[in-house]
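**Q** I'd like to ask some things about the structure below.
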Amino acid sequence: MKMNAYYPTYEEMLYPNKIDSTLRKKALYSQNKNELDPINLLNITWKDEKGSVRKLVLPKELTGVDANIIVLLGSYFPSGSHKVGPAYSTLIEGYIDNNMIPGENSILAPSTGNFGIGAAYICKLMGYDSIVVMPKNMSRERHEIIKKYGGKLFLTPSNESDLILTLQKTYELARNNPTYRVLAQFELFSNYRFHRYVTGNSAIEAVKNVGNGKISCFCSAPGSGGTIAAGDEIKKLFNNCIVAAVEPYECSTLANGRRGTHRIEGIGDKMCTLIHNVLTTDYVVCIKDQDCLLGIKGFHDWGEKLKSFGINPSFINYAKNLFGPSGICNILSSIKMAKYLNLGPKDNVVTIATDGFDRYGSVIEKLNNELNLQSNSLKNNWVENIFLNQDMSEIYNFKKAESKETLFKLKEKDWIQFGHCKEFLDSMKDMSFWDNEYSKIKYYDEKIKKTRIKI
């Protein structure tokens, strides 16, 4: 196997300052000059050029709570979303294991959008052909970005919350072509490893010098179940931290078995994913999809309203393009949990903005056609209605063992059909399973380093 680029380790994605300084400088330069240069793989990190976590502490005039709500910003990753991290981790582990070979294997990436974009991008940089299998009713921009990176699209006749149909089609395609390999974000633990290590420790760094320097609550919508793995690492340091999974109200499968359709792209897929460690999930919070869409509409088009709440114009301008629907969903859940837990001014809630506004213009166009968004009521009251008036409804307690057992049964129902045996699924009921998967980071980091002599 011949390498044609410098591939980062998990440690270097968390601590990019450990990368050779000359290479790091080239990567930072290339990020804005030539995004298809493979050296951009060294920009897969939550950190900026100074080594600080890219984050935003939301104004309390916006959140209406005393607690500090800190949002990690995913739009600064290569390809515009932090999902490029698990796409890379999954592909590099497949490469190391000699299961995904450039020039020999084409990559199938089941996704509802951002992982597919990230997979197409990573495949382009690493020399693979990619086929993104996704529901057809996703935003137009998602399709266009995947094609820009050279990925092919296979669209399933379904919508956002019908991911099981997409998975079934992915494995059908793989069975019919032995050269295909599945970049299975929902079931490969490389996704878990990336987020527990890189995202989890970045979240811990993000609260330094904010409030009491601790994390009281971590909120994450489990699309693939990867990002919420950060909570496992956070709980190691802050064992009283509450981890809240976030779902669309319209498709609250974990909370109460509801399997409806919704419009928060990237989350709520009518399943409990294989890599979601439900042992460390304490609550499930449900958010209405229209609140999320109006939220990004408000930031992008009605930001001037924030001035009347005393919010600095520089924040308004900066935040305008930072959030997609899932980011707003995570923020709203953080507000609800801060109220529910009665958190004070020294307490910190951490959450994630997966991507930015750039891939949702068509979504907002559709919303504009559905509603009279020029009405004074919607425009003038969006801050109060969407952010300040979030209540404590639709919060479900999953701390008890019997509640977690319902999630294990859901996982069993979903994943036996994809070839995972009950004994394997039962082994996930012990934290040692997850710690063992996490410990493999050291093995892969050493293997990645050894390939560099081939450059």
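**Q** Right, ALA87: hydrophobic (A, V, I, L, M, F, W, C), more than 20 Å from PRO16 (Cα to Cα) and crowded, with 24+ Cβ neighbours inside 10 Å or not?
**A** It is false that ALA87 is hydrophobic (A, V, I, L, M, F, W, C), more than 20 Å from PRO16 (Cα to Cα) and crowded, with 24+ Cβ neighbours inside 10 Å.
**Q** May I ask you to say which residue of ILE117, ILE122 is part of a helix (DSSP H, G or I), among the aliphatic types (A, V, I, L, M), within 14 Å of the chain's Cα centre (by Cα) and buried (at least 24 other Cβ atoms within 10 Å of the Cβ)?
**A** After applying the criteria, what remains is ILE117.
**Q** Taking the condition at pLDDT 95 or above, touching a Cys at 6+ places or on another chain (Cβ under 8 Å) and closer than 30 Å to TYR443 by Cβ, does LEU72 pass?
**A** no
**Q** Sticking with this one: For segment 128-142, does any single residue satisfy the condition of being more than 16 Å from the chain's Cα centre (by Cα), touching a residue at least 60 places away in the same chain (Cβ under 8 Å) and part of a helix (DSSP H, G or I)?
**A** Looking only at segment 128-142, we keep the residues that are more than 16 Å from the chain's Cα centre (by Cα), and these are 128-141.
Still in the running and touching a residue at least 60 places away in the same chain (Cβ under 8 Å): 138-141.
Pick out the ones that are also part of a helix (DSSP H, G or I) and you get 140-141.
Yes, some residue in segment 128-142 is more than 16 Å from the chain's Cα centre (by Cα), touching a residue at least 60 places away in the same chain (Cβ under 8 Å) and part of a helix (DSSP H, G or I).
**Q** Continuing with this model, one more query. Under the condition of being in a helix (DSSP H, G or I) and of a type in the set (A, V, I, L, M, F, W, C), which residue from segment 271-296 is surrounded by the fewest Cβ atoms within 10 Å (Cβ to Cβ)?
**A** Ranking the candidates gives LEU279 first.
**Q** Name the residue, out of LEU163, LEU153, that is closer than 23 Å to GLY94 by Cβ, in contact with a strand residue (DSSP E or B) (Cβ under 9 Å, 6 or more places away or on another chain) and at pLDDT 90 or above. Step through it out loud before you land on a result.
**A** Details: LEU163 fails: at pLDDT 90 or above.
Of LEU163, LEU153, the one residue that is closer than 23 Å to GLY94 by Cβ, in contact with a strand residue (DSSP E or B) (Cβ under 9 Å, 6 or more places away or on another chain) and at pLDDT 90 or above is LEU153.
**Q** Return yes when PHE323 is of a type in the set (Phe, Trp, Tyr), assigned to a helix (DSSP H, G or I) and buried (at least 18 other Cβ atoms within 10 Å of the Cβ) and no when it is not.
**A** No; evaluated as a whole, the condition is false for this residue.
**Q** Report, ordered by the first and then the second residue, all pairs with beta carbons closer than 7 Å, sequence separation of six or more or different chains, a first member in segment 211-224 that is touching a residue at least 12 places away in the same chain (Cβ under 8 Å) and charged (D, E, K, R), and a second member that is buried (at least 23 other Cβ atoms within 10 Å of the Cβ) and in a loop (DSSP other than H, G, I, E, B).
**A** Sorted first by the residue in segment 211-224, then by its partner, the pairs are LYS214/VAL207.
**Q** If you don't mind, another one. Sort through GLU205, GLU265, GLU187, GLU172 and tell me the only one that's farther than 20 Å from VAL133 by Cα and of a type in the set (Asp, Glu).
**A** Matching residue, one of GLU205, GLU265, GLU187, GLU172: GLU205.
**Q** Mind counting the residues in segment 143-152 that are on the phi > 0 side of the Ramachandran plot and either in contact (Cβ under 8 Å) with a residue 40 or more places away in the chain or touching a Gly at 6+ places or on another chain (Cβ under 8 Å) (or both)? Full working, then the answer.
**A** Restricting attention to segment 143-152, the residues satisfying the condition of being on the phi > 0 side of the Ramachandran plot are 150.
The next check asks that each one be either in contact (Cβ under 8 Å) with a residue 40 or more places away in the chain or touching a Gly at 6+ places or on another chain (Cβ under 8 Å) (or both); those that pass are none.
Number satisfying all stated conditions: 0.
**Q** All but one of (1) surrounded by fewer than 19 Cβ atoms within 10 Å (Cβ to Cβ); (2) at pLDDT 95 or above; (3) at negative phi hold for VAL182; state the number of the condition that does not hold.
**A** It is condition (1) that VAL182 fails.
**Q** Tell me, please, whether a residue that is in contact with a Cys (Cβ under 6 Å, 6 or more places away or on another chain), in a helix (DSSP H, G or I) and not basic (Lys, Arg) can be found in segment 400-408.
**A** yes
**Q** Here's another thing I want to ask about it. What single numbered condition from (1) within 12 Å of the chain's Cα centre (by Cα); (2) within 15 Å of ALA353 (Cβ to Cβ) fails to hold for THR112?
**A** Here THR112 clears every test but (2).
**Q** Separate question: Go through segment 410-455 and give me each residue that's closer than 23 Å to THR281 by Cβ, of a type in the set (A, V, I, L, M, F, W, C) and part of a helix (DSSP H, G or I).
**A** If the condition is that a residue be closer than 23 Å to THR281 by Cβ, of a type in the set (A, V, I, L, M, F, W, C) and part of a helix (DSSP H, G or I), then LEU410, TRP415, ILE416, PHE418, PHE424, LEU425, MET431, PHE433, TRP434, ILE441 are the ones that fit.
**Q** A further question follows. In this structure, is ILE228 at negative phi, buried (at least 24 other Cβ atoms within 10 Å of the Cβ) and more than 18 Å from the chain's Cα centre (by Cα)?
**A** no
**Q** Here is a further query. Pick out the one residue from SER75, SER130, SER106 that is farther than 27 Å from LYS47 by Cα and surrounded by fewer than 24 Cβ atoms within 10 Å (Cβ to Cβ).
**A** Within the list SER75, SER130, SER106, the selection yields SER106.
**Q** On to the next question. Under 6 Å between Cβ atoms, at least 6 apart or on separate chains: pull out the pairs that start in segment 409-421 with a residue that is in contact (Cβ under 8 Å) with a residue 12 or more places away in the chain and end on any residue that is part of a helix (DSSP H, G or I) and surrounded by 15 or more Cβ atoms within 10 Å (Cβ to Cβ).
**A** If the second residue must be part of a helix (DSSP H, G or I) and surrounded by 15 or more Cβ atoms within 10 Å (Cβ to Cβ), the pairs left are GLU412/LEU425.
**Q** Out of segment 409-453, which residues are out of contact with any helix residue (DSSP H, G or I) (no Cβ under 8 Å at 6 or more places or on another chain), under 16 Å from ASP97 (Cα atoms) and of a type in the set (D, E, K, R)?
**A** LYS442, GLU446, LYS449, LYS450, ARG452
The values are calculated or read from the model by the stated rules, or taken from the named source; none is laboratory data. It should be emphasised that the depicted structure is a prediction, and the values quoted were computed from it without experimental measurement. Note that we place each Cβ from the backbone using ideal geometry, even for glycine, and neighbour counts take in every protein chain shown.
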